[in-house]
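Worksheet: the structure to be examined is printed underneath.
The values are calculated or read from the model by the stated rules, or taken from the named source; none is laboratory data. Note that the coordinates shown come from a computational prediction; the quantities given were computed from them, not determined experimentally. For neighbour counting, all protein chains shown are included, and Cβ atoms are generated from backbone atoms with ideal geometry for every residue, glycine included.
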Amino acid sequence: DARVTQTPRHKVTEMGQEVTMRCQPILGHNTVFWYRQTMMQGLELLAYFRNRAPLDDSGMPKDRFSAEMPDATLATLKIQPSEPRDSAVYFCASGSGEGEKLFFGSGTQLSVL
Amino acid sequence: GESVGLHLPTLSVQEGDNSIINCAYSNSASDYFIWYKQESGKGPQFIIDIRSNMDKRQGQRVTVLLNKTVKHLSLQIAATQPGDSAVYFCAENPNDYKLSFGAGTTVTVRA
């Protein structure tokens, strides 16, 4: 059963520490998205990759967030330094093409103290 | 139904009844729409989708209706079950890669 895998599921860290979240998209999918979910803002798009190339990261705070796809099986989202306002659930999603449905991972619940 | 802002609409349904969840979308250029279900502690799960050249699509116990004239989307769940309790999101795709999500509707099924 193909699925998007995210690690870690939960992360508690202190303000100022680096956080790295990882995602394994569904094999064969060529689009990868990072979303952030909070009660206040709902689901916000942070970054979008197609064929491993970053095409849109306008939703990401550039000074502290970075997203990469070192290879087709791994996408990473890093926050350095982390701040309490970064506390949220971060979802990775992958799809088989633009204009197609996305499949979401189970998310990384991040708490920055 | 869906709304912008902090208040999440809620729907309480008796088990066995039919549920209707509404969504007003914003972009008249959107040509693809999706309903997702999100259970507590999980990621959004695809339920059903519809393209703008259709006005109705049926799945297993679910039906999506699209009214492009008034930019309205609805999800109907037949014979609602306790496992249907979740937050339901509609999403629109205005002919590019970005899915824009609504705020979500919380559905609670009463036994």
Quick one: is A:T76 within 10 Å of the chain's Cα centre (by Cα) and of a type in the set (V, I, T)?
yes
Considering only region A:1-60, state which residues are on the phi > 0 side of the Ramachandran plot and in contact (Cβ under 8 Å) with a residue 12 or more places away in the chain.
A:G16, A:G28, A:N51, A:R52
Please specify each residue of region A:30-49 satisfying the condition of being at the interface with chain B (Cβ under 8 Å from one of its Cβ atoms) and surrounded by fewer than 14 Cβ atoms within 10 Å (Cβ to Cβ).
A:M39, A:M40
Filtering region A:1-42 down to residues that are more than 20 Å from A:T73 (Cβ to Cβ) and small (G, A, S) yields A:G16, A:G42
Region A:1-49: strands (runs of 3 or more DSSP E) wholly inside it with 1 or more residues that are in contact with a Cys (Cβ under 7 Å, 6 or more places away or on another chain) and under 21 Å from B:F89 (Cβ atoms) are A:5-7, A:19-24, A:31-38
Conditions (1) touching a strand residue (DSSP E or B) at 6+ places or on another chain (Cβ under 6 Å); (2) on the phi > 0 side of the Ramachandran plot: number failed by B:W35:
(2)
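Output the strands (runs of 3 or more DSSP E) that fall wholly within region B:2-111 and possess 3 or more residues being closer than 20 Å to A:F91 by Cβ, or say none.
Fully inside region B:2-111 and qualifying: B:32-38, B:45-51, B:86-93.
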Does B:G59 meet the test of being within 18 Å of B:I20 (Cα to Cα) and touching an Asp or Glu at 6+ places or on another chain (Cβ under 6 Å)?
no
Taking the condition under 14 Å from the mean Cα position of the chain (by Cα), away from chain A (no Cβ under 11 Å), over 30 Å from A:G59 (Cα atoms) and crowded, with 19+ Cβ neighbours inside 10 Å, does B:I77 pass?
yes
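Quick one: in region B:85-111, which of the residues that are away from chain A (no Cβ under 14 Å) and surrounded by 20 or more Cβ atoms within 10 Å (Cβ to Cβ) is farthest from B:T10 (Cα to Cα)?
B:V109
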Please indicate, with yes or no, whether at least one residue in region A:56-64 is hydroxyl-bearing (S, T, Y) and at pLDDT below 90.
yes
Single residue of region A:50-107 satisfying the filter (part of a loop (DSSP other than H, G, I, E, B) and among the hydroxyl-bearing types (S, T, Y)) that is nearest to the other protein chains (Cβ to nearest Cβ):
A:S106
Members of region A:54-113 found to be surrounded by fewer than 14 Cβ atoms within 10 Å (Cβ to Cβ), in contact with an Asp or Glu (Cβ under 6 Å, 6 or more places away or on another chain) and among the β-branched types (V, I, T), listed by number
none
Among B:Q38, B:Q45, the single one that is of a type outside the set (G, A, S), loosely packed, with under 15 Cβ neighbours inside 10 Å and within 12 Å of chain A (Cβ to nearest Cβ) is B:Q45
